Amino acid sequence: MKALIKITIVTSFSVLCLSALGGCGKNRVKSPDETTAPAKVSASTETETTKASSTAAQSTAISDSENATKESLKELGFIYNGKTITLLDFTDDQKMEAMLGKAEDTKTHTYSTSDGLNMDQLTGKTEKQYLYPGLVIKTIDAGENNKSYIYQIEITGSQYTTVRNVKVGDSFETLKEAYPEGNLIGGELSNEEDDFRFEEEDYANVMNFHIKNKKVASIQIYSLID
């Protein structure tokens, strides 16, 4: 009888232990790796992210390039009565008059393959010249909303100064000091006529100072049109 009671007690105790172990298994706390592991990013999501980053970088590069171009063009212009007129500025009759007053004369010409000027790259475009005392400004239509922009400036009057304060009549030494990046085409100063050129890195937009008797005789600012 005592043996039977002992077996019954042992059996009941084993059942209780097994139940307790089962409960512990169900309530086990997950490890940090199991609860905080990030979901895997799909290959397509990674590709889209990479594309977005690349596009943003390209946009920034283009923006920086455009800003650099605008800054460099500020050098290629002149000042008159406190107003700065710059190469590639969009303009029209009203703007020209507001900046420089009424022109003494104007001339227009529409380029064609038969005009004998051999300017085929300008065929169909109309050039307009504004003539002022000591100054000629040439514009060309851009083909967009009939807008025209300045593509050539010719200065022979001393009343117009460059952005770096050089004017017709200044000595070559004054010019060289103001434009140390420029180059004398002849290589060295002489009593002969020569040209001193200041230009952008792409050589598309140029400021040319014609030197005569070691002084600035005229200034030409122009853009090469393809």
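The values are calculated or read from the model by the stated rules, or taken from the named source; none is laboratory data. Computed from a prediction, not measured in an experiment: that's the story for all the values here. Because the Cβ atoms are built from the backbone with ideal geometry, glycine has one as well, and the counts that use them run over all protein chains shown.
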Quiz item: What's the number of the condition SER148 fails, among (1) of a type in the set (Gly, Ala, Ser); (2) over 17 Å from GLU97 (Cα atoms); (3) under 28 Å from the mean Cα position of the chain (by Cα)?
Solution: (2)
Quiz item: Mind checking which residues of region 90-129 are part of a strand (DSSP E or B), within 20 Å of TYR80 (Cα to Cα) and under 29 Å from the mean Cα position of the chain (by Cα)?
Solution: PHE90, THR91, GLN129
Self-check item: Qualifying positions in region 110-125 - exposed (fewer than 15 other Cβ atoms within 10 Å of the Cβ) and either within 28 Å of GLU97 (Cα to Cα) or acidic (Asp, Glu) (or both)
Solution: THR110, ASP115, ASP120, THR123, GLY124
Practice problem: Only residues that are polar (S, T, N, Q) and in contact (Cβ under 8 Å) with a residue 12 or more places away in the chain: list them for region 146-173, please. | Solution: SER148, GLN152, THR156, SER158, GLN159, THR161, THR162, ASN165, SER171
Exercise. Could you check ASP120 against (1) modelled with pLDDT of 95 or more; (2) within 22 Å of LEU88 (Cβ to Cβ) and say which number it fails?
Key: (1)
Self-check item: Hits in region 170-193 - residues which are within 23 Å of VAL136 (Cβ to Cβ) and in contact with a helix residue (DSSP H, G or I) (Cβ under 9 Å, 6 or more places away or on another chain)
Solution: ASP170, GLY182
Quiz item: Considering LYS102, LYS107, LYS83, LYS95, which residue is without any contact (Cβ under 8 Å) to a residue 40 or more places away in the chain, of a type in the set (Lys, Arg) and either outside the structural domain of TYR151 (by TED's automatic domain parsing) or farther than 25 Å from ASN165 by Cα (or both)?
Solution: LYS107
